[in-house]
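**Student:** I'd like to ask you about the structure that follows.
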């Protein structure tokens, strides 16, 4: 919870998202200033490849999160 509160500000709106694996936990928010915050957690024992896709902009980024990691990804819309 402390990790989330560092990046997700009051007034942020939760974004809809989909995932193709149960190996990751994630959530996404749109900040009042227009930045998107995506938090991805891999509680598993192995690294997990995934692709971050923003369908509204057509952007995508292939990534691989290590085992036992929490990543916060920030980007402008």
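**Student:** Which whole number of Å³ per residue matches the convex hull of the alpha-carbon atoms in the range 1-57?
**Tutor:** Given the Cα convex hull of the range 1-57, per-residue volume reads 96 Å³.
**Student:** Mean-square fluctuation check for the chain, GNM, Cα pairs under 10 Å: which of 50, 60, 17 is largest?
**Tutor:** In this elastic network of the chain, the residue with the biggest mean-square fluctuation among 50, 60, 17 is 60.
**Student:** Can you sort 22, 54 so the residue with the fewest Cβ neighbours within 10 Å comes first?
**Tutor:** Ascending Cβ contact count within 10 Å gives the list 22, 54.
Values in this text are rule-based calculations from the coordinates and carry no lab data. The structure presented is a predicted model; accordingly, all values stated were derived computationally and were not measured. Note that each Cβ is placed from the backbone with ideal geometry, even for glycine, and that neighbours are counted across all protein chains shown.
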